[in-house]
1. Please identify the DSSP H helices in the chain that span no less than 27 Å along the helix axis (Cα) and have a mean Kyte-Doolittle hydropathy of 1.6 or more.
2. Just name one of F71, P103, Y24: the one whose Cα is farthest towards the positive end of the charge dipole of segment 5-128 (beta-carbon charges, Lys/Arg +1, Asp/Glu -1).
3. Determine, from the Cβ-Cβ distance of I274 and K229 and an R0 of 30 Å, the FRET efficiency 1/(1 + (r/R0)^6), rounded to the nearest 0.05.
4. Roughly how many debye, to the nearest 20, is the charge dipole of segment 1-147 about its Cα centre, given +1 on each Lys and Arg Cβ, -1 on each Asp and Glu Cβ, and no other charges?
5. Neighbouring Cβ atoms within 10 Å as the yardstick, rank R183, R302, R200 fewest first.
6. How would H77, H178 line up from fewest to most surrounding beta-carbon atoms within 10 angstrom?
7. So, R0 is 41 Å and r is the distance between the beta-carbons of R73 and W267; what FRET efficiency does that work out to, to 0.05?
8. To the nearest 20 debye, what is the magnitude of the charge dipole of segment 99-181 about its Cα centre, counting +1 on the Cβ of each Lys and Arg and -1 on the Cβ of each Asp and Glu?
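FYI, it's all coordinate maths here, none of it is from the lab. Remember, it's a predicted structure, so these values are computed and weren't measured experimentally. In this analysis, Cβ positions are derived from the backbone assuming ideal geometry, glycine residues included, and neighbour counts consider all displayed protein chains.
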Amino acid sequence: MKEKKKISVVIPMYFEEEVVNECYSRMNDVLNKLDKYEYEIIVVDDGSKDNTLSLLEELARKDNKLKILSFSRNFGHQAAVTAGLKYVSGDVILIIDADMQDPPEVLEEMLELWEQGNEVIYGKRKVRKGESKFKLLSAKMFYRTLNALSDVEIPVDTGDFRLVDRKVVDVINSLPEHNKFLRGLFSWVGYKQKAYEYERKERFAGKTKYPLKKMLKLASDGIISFSTKPLKMLGILGIVAIIISIVILIYALISYAFNLNQLTPGWTSIMVAITFFAGVQLVSIWVISEYIGRIYDETRRRPQYIIDKKINI
Ligand code: UDP
Ligand code: MG
């Protein structure tokens, strides 16, 4: 008989003592029902200082399918998932939050999509429950801005909740860049992608571990690792400043020639000089930043292409 396919589940946890047991038992219920598959659960404890780790250790003593990685300190959600992905041994990988906002019960349907040949099945939030207006608005703005700025299309309203084929995870693991912005990279790699729409629930217990500071960091990581457009905006600013200086100059010359109104002596020369040189400086910075952008592209060392299949080679 053919060997069973294996599912690896990656769960990051930071101060999640209130949800550990619920998360473990719900995940297990779901996985045990899927008897066509083997499974493993990899939990990454992201430097929690509460009982998260000891609760996990207790569970792992009775269950060797539960694997734990524990960080020396808090390195952040993206780092935790990135680490988990390095240790998976399954054929297909589910990335899911510990707080059960993304219902594990939908795994069965996601697996069907995977069996049909889709390689990245990303959860797309239809509705988000139990989140503040501010969170909803900021998340919305974040996804729209990111898409306007970045060079790859990153699906809106999509977090890290995903079912991913092993070969895509291998590609992600082989990328040499640090500070991986996973939801961007998972769409950057290409492959057969499929949205899976679901209802995002309330947190099972506890508070969000994404305060404003962490959200802003995630947003800037996302924008900076997928775009050099912020650099280019300096150039536009510079050109605008130069145009303003020319307008002021023309205005002053006309006033002077036709004696339209009396400008304070010195006003023209100072205004023109300030705006003109501010413009020249910004344009120069822009030129330099084009080079920095190029250097940045190179230092990330992302491959230029990814080959999915080779035929007759
Ligand atoms: N998380 C983490 N490290 C952090 C912050 C969060 O591993 O520094 C985990 C957290 O335990 C949860 C997931 O990342 O499993 C998502 O966090 P949370 O639910 O607090 O974010 P939200 O759903 O509010 O955006
Ligand atoms: Mg959450």
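1. 229-258
2. The one lying farthest along the dipole's positive direction is F71.
3. 0.65
4. 580
5. Result, fewest neighbours first: R302, R200, R183.
6. Going from least to most buried by this count: H178, H77.
7. So, using R0 = 41 Å, E works out to roughly 0.10.
8. Once rounded to the nearest 20, the dipole reads 620 debye.
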